[in-house]
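Participant: Below you will find the structure I want to go over with you.
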Amino acid sequence: MTMKHLLLVSALILPLSGCVVAVNGSKEARFNESDWRQTQKANRSYINQLTTGTSLVQVMQDLGSPDFTEAFQQGDTSVQVLFYRTHHRRSDGMTTKDECTPLIFSNGRLSGWGDKAYAQL
């Protein structure tokens, strides 16, 4: 194959490689969808095994950074609420609190989780 033929073939094939990405969609978008699904499944599984008294530090080491946080003082008790994504409501590309499970910590220890516990604050 001559250099002229090689350049011609390269010039014809190179633009087609971009078409494959456009036709098949973004690999990153497919990974991200799979990633949030795996994350919320792992979060649900971990939360289902929780027991009251677990430390805030341990939960954050195991689950990583929460999607949302709240903190306040209630009398002599320091309260922190960590929200982790556990279920899907809307396909809008955003995580909202209604797609998360709240974990309530009193003075650094898990005192409850879920909507009922959060509503009692």
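Participant: Quick one: what do you get for segment 44-119 if you divide its Cα Rg by 2.2 N^0.38 Å?
Facilitator: Cα Rg divided by the expected 2.2 N^0.38 Å: 1.08.
Participant: Here is a further query. Nearest 0.05, what FRET efficiency do Ser78 and Asn48 give at R0 = 22 Å with Cβ-Cβ as r?
Facilitator: Efficiency, rounded to the nearest 0.05: 0.25.
Participant: Fewest first, what order do Met94, Met60 take by the number of other Cβ atoms within 10 Å?
Facilitator: Ordered from fewest to most neighbouring Cβ atoms within 10 Å, Met94, Met60 come out as Met94, Met60.
Participant: A further question follows. Please rank Lys116, Lys41, fewest neighbouring Cβ atoms within 10 Å first, as an exposure proxy.
Facilitator: By the 10 Å Cβ count, ascending, the order reads Lys116, Lys41.
Read-outs throughout are calculated quantities, based only on the coordinates presented, and are distinct from any laboratory measurement. Because the structure is predicted, anything quoted here is derived from the model rather than measured. In this analysis, Cβ positions are derived from the backbone assuming ideal geometry, glycine residues included, and neighbour counts consider all displayed protein chains.
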